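Here's the structure, in structure tokens; my notes come after.
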Amino acid sequence: MLICTTFSIGIFYGEVDFMETFSSEVTSHDQPLCTALYNRNFKQVVSGCHRGMVRVWDIMTGQKMMQFMTSEGKHTEITAMAFDGPERRLITALKDGKIKFWNFNNGACLLEMPHLDKTEISGILYINLKIYVTGWSKRVTWYLDVKENEVIEYKHWKSYHSEDILSIAKYNSQLLATASCDGDVVIWNTDSGKPLCRFNASQSPLTLTPNRVFTESQEDPGRGNIPKKPSVSVKLSSCAESGKKRWADSRTSLSARLSTAENPSVFGQCRNLAPAPSVIRQSREKQLDQAKGQQATQPPGGENTDLESDSPKDQDAAETSKQEQNYPHWQEELKGLPAAVEKILFLETREQTPDSAILLTSSAGGHICAWSVSSEGGMLGKFRAVHGEDVNAVVGSMATDPEDFILLTGDSLGYIKIWDIENYCKSKEVKKVSRAGKTETSRRNENMFRDLIPKYCRVPGSKNQSLETEVLDGWSTTLIPPDLLSSWRAHLKNISHIVYVEKLRLIVTSSYDCNVKLWMLSGRHIGTFGQSLWNVGLQNQRPAEVPSEIRRVGSTQTLKVLNEGRFPRWECTRSIMQTLSHQRRQHSMQANLLQGKPDLISDVNLSFQKMIHKEKQLTRYMDEQIEAEWLQWEEKGKQKSEILGSSYKQKVRRHLSEFLPDVKACVTNKEQARVYHCIQYADLQDITPPPVPEMLVEMHQFQGNFRRKSRSGKKLSASISHKLSLKINQQSKLSSRTKD
């Protein structure tokens, strides 16, 4: 470790040590995480990765309970997971479009849905015995949950998306929302399956009318029959060719998308390399919107005249000169393109009114928009929720508590942020909607999370906002963000999923760095699943620990949160620098004294005299007096001294083991008791017995002698009585003989 300082202090670690430490760490999974769910019935965390592996963890101890593969042979990526209504079964969706039901306690596959669309599934929900799935098919399909060996009923909703759907969310089993790459957010009625309205932040802050997207072959929903594979949308095919004229890599965008159904691993390899999934999706989808505008300005018959050559090299050579003359730089073009919506979330406890936002959307650029879902509603609020100024950063996961008091966000840089949204874009009349969908009038309670989250977690200067409102198309949108309660870096890569556990007040996060971590609301790191074991109930008795990978890259705010308000690294550095500066001053003073400078000697004596007058203890007790007092106390064994005070012997506490010991119980007989828990223990220390007083020793010796004498007397009396009995018997025999 190297410490350097000028106007600031910096710590540098060796690159070799860093690489060895980083490579030797154990991760929760072998591949990036898709999601991590929490099961309330069993208090378990279920995580799935891109390798197709599902692992089950005990949230109380961090122990791995079960693991199984979701596909046989070739490893197929898990793209979405969910629980059924009672949370007894796990539903997994794979990259090739397969949907399976699992008993996640033993890894048994209970049911497999019909393989309708061989495209990637990005979202899955379980509502009222129906499984709603969506993804790259650009439509919503529901399956009826039936028992085994029964006919599975399913239905396709009409398509109102022209691009891939990235996220899906529900509002109290009444509404359904889907978001796509082109920024469209469509609100659906779950009972009728019809769209109600549409939102798009890049087009307008107001409510828009849904646009129906037709296909070449009409959709034919059936009962228990697998329909024919739908063809490409006519809306897409009309602009796919013109998109090649604007983008150098667009020649592979449409063909790659069409080939993903047959070879799903083609785009998966590219997507896994990106820190944020929406950035790559955005680059291949934005060109289509540009092509639409270009196609509208071109005269009839003049379309695609430069794209008749099949050679990509000829196309690039012909387009390069034209692009430099007619079109600006690609970075300038990206600013005006529609932003993909990466994640959507409903605030289910809020009432659906024009002045209350019940829908949150996360779009590329790191902004979160708050929408009022009604005919008179629109975008009520907008704020940036990612860390730093990176334009490519995006919020990929969001979660709330059951009362919608706080919003937890995880971005593509690995940061977790906790926002106070209790009154954000909310009506002044406080009306609460229960989880059952009933509207109740209640008093506004104080946000308890302000007390649960310590004040040292607050980010200073987080409310610096130049503009407070934005007016567009006559609609006013507030730009003031909600209060930021806490922020810290939890992972090195994109956070794929975040879950808040209400009963335990814990946070579960999964990331593309192959780790699943458990956190407290205060930001305290409990542990990483697969790396260590813990006990959630004993966390307050253990010192705060910072993950090794975060310790090397964490900012001051992150280290302050993870160290519970302390700065141990900087305190250590400051103490080292103070010690070095003090030693340097002493050396310089000694050198000057040796050189015999009278002015410096007089200054030193003067400062010493001032220090003596200032410190009364120095004038009262000199070195000789302190030494004499110490010798007197040491010789006579006094327990009190005028200078040292009462003698104190430091108490030695037994060190408890950091983790519970491993218990290997091998039960051969069913009647034998099994070990189900083992408390913490410590090795016993040898105890030296105290000396026995002489009086007790003499008493023990006397008692021993007396016992020995009593035993010998008993033996003598027994022998004498035996001899007497023999003599009596002999005399009786002699007398009997004489009589005869």
Amide proton proximity set for E564, modelled H, under 5 Å, gap of 5+: none
Relative contact order (percent, whole number), the range 33-79, Cα cutoff 8 Å, 6+ residue spacing: 32 percent
Amide H contacts of A490 (H built 1.01 Å from N, under 5 Å, at least 5 apart or other chain): Y415, I416
Virtual spin-label span in nm between H587 and N103, 7 Å along Cα→Cβ: 7.3 nm
Added length on full extension, which subtracts the Cα-Cα distance from 0.36 nm per residue, S532 to L734: 63.3 nm
L206/E403 FRET efficiency (R0 41 Å; Cβ-Cβ; nearest 0.05): 0.90
Amide proton proximity set for S167, modelled H, under 5 Å, gap of 5+: A179
Links that overshoot a 32 Å alpha carbon limit, given the list K64/K194; K709/K733; K64/K147: K64/K194; K709/K733
Cα→Cβ-extended label distance, 7 Å offset, between E564 and S719, nm: 7.7 nm
The range 139-185 - percent relative contact order, Cα under 8 Å, separation 6 or more: 29 percent
Sites E72 and R505 - FRET efficiency at Förster radius 51 Å, r taken between beta-carbons, to 0.05: 0.80
Taking the range 494-588 and dividing mean pair separation by its residue count, relative contact order in percent (alpha carbons under 8 Å, at least six apart): 16 percent
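Using the heavy atoms of the protein chains alone and a 1.4 angstrom probe, what is the accessible area of the range 24-136 per residue in square angstrom? Please list the in-between numbers first.
Numbers: 4150 Å² over 113 residues.
In whole numbers, the range 24-136 has 37 Å² accessible per residue.
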Extension gain, L696 back to S710 (0.36 nm per residue minus Cα-Cα distance, nm): 2.9 nm
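Could you list, in their original order, any pairs among K155/K343; K118/K417; K455/K493; K130/K493 whose Cα atoms are separated by more than 29 Å?
Numbers: K155/K343 25 Å; K118/K417 36 Å; K455/K493 27 Å; K130/K493 34 Å.
The pairs that break the limit, which is 29 Å between Cα atoms, are K118/K417; K130/K493.
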Gained length - K194 relative to E153, 0.36 nm times residue gap less alpha-carbon distance: 12.9 nm
Highest average packing first - 353-362, 503-512, 150-159, Cβ atoms within 10 Å: 353-362, 503-512, 150-159
Pairwise label distance in nanometres, K428 with V471, each label 7 Å out on the Cα-Cβ vector: 2.1 nm
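The values are calculated or read from the model by the stated rules, or taken from the named source; none is laboratory data. Bear in mind that the values here come from a model prediction, so they are computed numbers and not experimental data. Heads up, the Cβs are rebuilt from the backbone with ideal geometry, glycines too, and the neighbour counts pull from every protein chain shown. Please note that ligands, DNA and RNA were not included when accessible areas were found on the heavy atoms of the full protein model with its side chains. Shrake-Rupley method; radii C 1.70, N 1.55, O 1.52, S 1.80 Å.
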